[in-house]
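Working notes for the structure below.
The values are calculated or read from the model by the stated rules, or taken from the named source; none is laboratory data. Quick caveat, the model's predicted, so the values are computed rather than measured. Here Cβ is always computed from backbone atoms with ideal geometry, including for glycine, and neighbour counts include all displayed protein chains. Heads up: the accessible areas ignore ligands, DNA and RNA and are worked out on the full protein's heavy atoms, side chains in. Shrake-Rupley method; radii C 1.70, N 1.55, O 1.52, S 1.80 Å.
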Amino acid sequence: VQLQAFGGGLVQAGGSLRLSCVASGRTFSMYFMGWFRQAPGKEREFVAAIAWSGRSTSYGDSVKDRFTISINNAKNTVYLEMNSLKAEDTAVYYCATAGPGAPVYSPNAYDKWGQGTQVTVSS
């Protein structure tokens with residue numbers, strides 16, 4: 001499985017961005033797709049995850065009610081819609097995939113990672 005994330009950029013506080021993660025290869029082996037982020041000097045933080053079926057989603061506390069994760073199975077693409085962005089959302093955002101039964105909040109559960117896309121929110 002190969003993952004490619006894109007859609008990052010510079011946005012003002014209060015603005016919105018949509019990230020995309022396109023999966024290719026053995027996509028039938030994926031069960032969960034997750035988004036994580038990492039700011040300079042900080043640990044990688046769970047943002048959101050979605051089952052490949054689209055039936056269940058999970059969110060980190062810091063983004064709940066502002067971010068929405070969704071999936072388009074026909075395009076093998078997972079989206080992260082980010083609204084009401086804050087300066088503290090500034091980070092490199094990574095998408096990743098995990099197998100069945102994975103604790104979706106833990107980056108250690110994910111075995112394939114995309115290259116990351118920078119999101120910068122100016123205050």
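What part of the accessible area of the chain, given as a whole %, is carbon or sulfur when the probe is 1.4 angstrom?
Numbers: 2970 of 6310 Å².
Looking at the chain in its full context, I get 47 percent from C and S.
Would you mind getting the accessible area per residue of the chain, heavy atoms of the protein chains only, 1.4 Å probe, in Å²?
Each residue of the chain exposes 51 Å² on average to a 1.4 Å probe.
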Whole-Å distance linking the alpha carbon centroid of the range 109-123 with that of the range 1-79 is 9 Å
With the 8 Å Cα cutoff and a minimum separation of six or more residues, the chain has a relative contact order in percent of 36 percent
One would report the Cα pair-distance distribution of the chain, bin width 5 Å, in %, as 2, 13, 24, 27, 19, 10, 4, 1, 0
Listed by chain and number, the lysines with an alpha carbon less than 22 angstrom from that of LYS112, same-chain partners under 8 positions apart left out, are LYS42, LYS75
The size of the Cβ-based charge dipole (Lys, Arg +1; Asp, Glu -1) of the chain about the Cα centre, to the nearest 20 debye, is 260 debye
Per DSSP, the loop-located GluC sites (Glu not before Pro) within the range 1-98 having at most 10 other beta carbons within 10 Å are GLU43
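In nm, what is the difference between 0.36 nm times the number of residues separating SER123 and ARG18 and their Cα-Cα distance?
On the way: separation 105, 0.36 × 105 = 37.80 nm, distance 1.88 nm.
Gain on extension, SER123 to ARG18, equals 35.9 nm.
State the extension gain, in nm to one decimal, for the chain segment bounded by TRP113 and ALA39, taking 0.36 nm per residue of separation less the distance between their alpha-carbons. If you can, show how the numbers build up before the last one.
Working: separation 74, 0.36 × 74 = 26.64 nm, distance 1.66 nm.
Gain on stretching TRP113 to ALA39: 25.0 nm.
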